[in-house]
Amino acid sequence: MKKVLKFLGILVGVLLFILIAIAAWIQFGSQSTYEPQAVAFAQTTDSLTLANGRKIVENVCAYCHRGEDGTLSGNLFSKDEGFGTVYAANITRHQTAGIGRYSDAELATLLRTGLKRDGHYAGPFMMFPNLSQDDLNGIITYLRSDVPSTTPSETVHTNEHSFIAKALYKLGVFKPIAVSKEIKPTPPATDTLAYGKYLALSRYECYACHSADFQTNDIEHPENSVGFMAGGNPIHDRDFQFVVSRNITPHPEQGIGLWTKDQFEMALRSGVRPDGRLLSTAMPRLAALDADEVNAIWAYIQSLPAKETNILKPSE
Ligand code: HEC
Ligand code: HEC
């Protein structure tokens with residue numbers, strides 16, 4: 001009997017030791033590093049590319065990266081127990097604090113696969129796997145250009161990942177995604193439905209917030225995401241309060257089936273609903289959209305099947 005107890009004691013001791021060793025490895029070990037995958041990129045500097053890049057950076061990247069000084073010097077992105085303290089980085093042209101040290105190819109790799117220049121994975125918050133080559137070029141060209149948003153800022157942010165986030169990175173649950181094989185050119189604006197679909201799924205990624213949950217989204221084939229465009233995904237606002245995204249299919253009561261295009265445009269650009277209420281800051285203000293883009297996204301959303309997901313109205 002004594003022998004058995006002694007054996008059990010040793011076994012428990014060994015198991016505890018292993019658990020503590022794993023926990024220490026997660027807590028104190030450095031974040032895993034990865035080799036960059038080859039990503040096609042060709043810098044073009046014509047004015048159309050620059051204007052296109054401006055639209056995307058000011059509509060999409062600025063939502064997370066706009067700092068208090070008005071440049072893209074970065075801002076607090078997460079401060080909950082889930083991820084820990086994570087800042088959207090300083091992406092101004094500053095040589096050391098910003099992305100001055102990134103080559104174009106390194107930026108392209110980060111945007112497609114999520115891998116940073118230092119070999120670490122940036123996390124599952126910002127990946128643009130299906131952006132067209134033109135859009136990718138536009139973003140990089142604009143970030144390199146001399147505009148107020150990119151004015152070099154010295155701000156340096158330090159992230160402090162929670163234990164859970166560290167474990168997800170260390171165990172490889174969070175890791176760079178494979179370069180998509182389905183990269184296509186941007187559809188022409190005259191092909192309204194195809195253009196609208198591209199905007200909603202790849203350029204502005206409306207589906208990512210407006211489907212059921214980030215965890216059940218299908219990044220490679222967005223339309224296969226659970227509850228595609230029917231809302232329900234909890235998104236945090238500027239004050240880190242969670243707001244559930246809304247059903248934006250054409251359902252007459254639960255979606256936006258009774259809205260007019262003008263009302264839709266107002267909500268997208270200024271965050272004002274048809275009833276006059278202001279949408280939460282969890283919904284980006286896409287003020288830099290051009291008229292063709294609004295038309296195309298509207299047409300695409302109208303073409304979707306109406307879905308029944310009853311997301312509570314803001315006042316309820
Ligand atoms: C949903 C929020 C969000 C959006 C939208 C977003 N980012 Fe980020 N970005 C982050 C966060 C958070 C980090 C920091 C990740 C880390 O340090 O691990 C980051 C990091 C970066 C970095 C890495 C900088 C470094 O120090 O290595 C670059 C470059 C970058 N983002 C560029 C962009 C560009 C360009 C866009 C638009 C096409 C964009 N981001 C859109 C949240 C976002
Ligand atoms: C970062 C996440 C995010 C992205 C990206 C996003 N949305 Fe939203 N959106 C939300 C959230 C959250 C709400 C709910 C806000 C509220 O209830 O105040 C919302 C609300 C809306 C509404 C108002 C619906 C209603 O019934 O009041 C419309 C319309 C809308 N979004 C359309 C879009 C379109 C179109 C796109 C892409 C061009 C898009 N959104 C991209 C998070 C997002």
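The values are calculated or read from the model by the stated rules, or taken from the named source; none is laboratory data. From a predicted model like this one, the values you see are computed outputs, not experimental measurements. As a convention, Cβ positions derive from the backbone with ideal geometry for all residues, glycine included, and neighbour counts pool all protein chains shown.
Among the residues of region 18-39, those identified as touching a residue at least 60 places away in the same chain (Cβ under 8 Å), among the hydrophobic types (A, V, I, L, M, F, W, C) and farther than 15 Å from Lys166 by Cβ are Ala38, Val39. Counting only residues that are within 10 Å of ligand 1 (Cβ to nearest atom) and either within 14 Å of the chain's Cα centre (by Cα) or exposed (fewer than 15 other Cβ atoms within 10 Å of the Cβ) (or both), region 43-57 holds 2 of them.
Among what's in region 286-303 and is in contact (Cβ under 8 Å) with a residue 60 or more places away in the chain and either surrounded by 18 or more Cβ atoms within 10 Å (Cβ to Cβ) or β-branched (Val, Ile, Thr) (or both), pick the residue that is farthest from Pro187 (Cα to Cα). Even if it seems obvious, please write down each step before you answer.
Taking region 286-303 as the starting set, the residues that turn out to be in contact (Cβ under 8 Å) with a residue 60 or more places away in the chain are 286-290, 292-293, 295-301, 303.
Filter again for either surrounded by 18 or more Cβ atoms within 10 Å (Cβ to Cβ) or β-branched (Val, Ile, Thr) (or both), leaving 286, 289, 293, 296-298, 300-301.
Details: Leu286: 20, Leu289: 16, Glu293: 12, Ala296: 11, Ile297: 13, Trp298: 16, Tyr300: 13, Ile301: 16 Å.
Out of the qualifying residues, it is Leu286.
Each residue in region 248-297 was checked for being within 19 Å of the chain's Cα centre (by Cα) and farther than 27 Å from Arg54 by Cβ, and 0 pass.
Quick one: would you say Gln254 is modelled with pLDDT under 95 and surrounded by 18 or more Cβ atoms within 10 Å (Cβ to Cβ)? Spell out how you get there, then give the answer.
On the way: modelled with pLDDT under 95: yes; surrounded by 18 or more Cβ atoms within 10 Å (Cβ to Cβ): yes.
So Gln254 passes the test.
Summed over region 232-246, residues that are within 11 Å of ligand 2 (Cβ to nearest atom), surrounded by fewer than 22 Cβ atoms within 10 Å (Cβ to Cβ) and within 17 Å of Thr281 (Cβ to Cβ) total 8.
Going by the structure shown, is Gly74 more than 11 Å from ligand 1 (Cβ to nearest atom), at pLDDT 95 or above, farther than 19 Å from Gln37 by Cα and outside the structural domain of Ser202 (by TED's automatic domain parsing)? For Gly74, the condition - more than 11 Å from ligand 1 (Cβ to nearest atom), at pLDDT 95 or above, farther than 19 Å from Gln37 by Cα and outside the structural domain of Ser202 (by TED's automatic domain parsing) - is not met.
Set side by side, the residues Leu258, Leu268 differ, and just one is within 8 Å of ligand 2 (Cβ to nearest atom) and among the hydrophobic types (A, V, I, L, M, F, W, C), which is Leu268.
Taking the condition within 11 Å of ligand 2 (Cβ to nearest atom), in contact with a Pro (Cβ under 8 Å, 6 or more places away or on another chain), in a loop (DSSP other than H, G, I, E, B) and of a type outside the set (D, E, K, R), does Thr249 pass?
Here the answer is yes, as Thr249 does meet what is asked.
When each of Ser270, Ser225 is tested for being crowded, with 18+ Cβ neighbours inside 10 Å, outside the structural domain of Ala62 (by TED's automatic domain parsing), among the hydroxyl-bearing types (Ser, Thr, Tyr) and on the phi < 0 side of the Ramachandran plot, the lone residue that passes is Ser225. Ala167 falls short on exactly one of the conditions (1) buried (at least 20 other Cβ atoms within 10 Å of the Cβ); (2) not in a loop (DSSP other than H, G, I, E, B), and that condition is (1).
Suppose the filter is in a helix (DSSP H, G or I), more than 21 Å from Asn310 (Cβ to Cβ) and in contact with a Pro (Cβ under 8 Å, 6 or more places away or on another chain); does Tyr198 pass it? Here the answer is yes, as Tyr198 does meet what is asked.
Listed by first and then second residue, the pairs linking a residue in region 233-246 that is among the aromatic types (Phe, Trp, Tyr) to a residue that is in a loop (DSSP other than H, G, I, E, B), with Cβ atoms under 7 Å apart and 6 or more places separating them unless they lie on different chains, are Phe240/Lys79; Phe240/Asp80.
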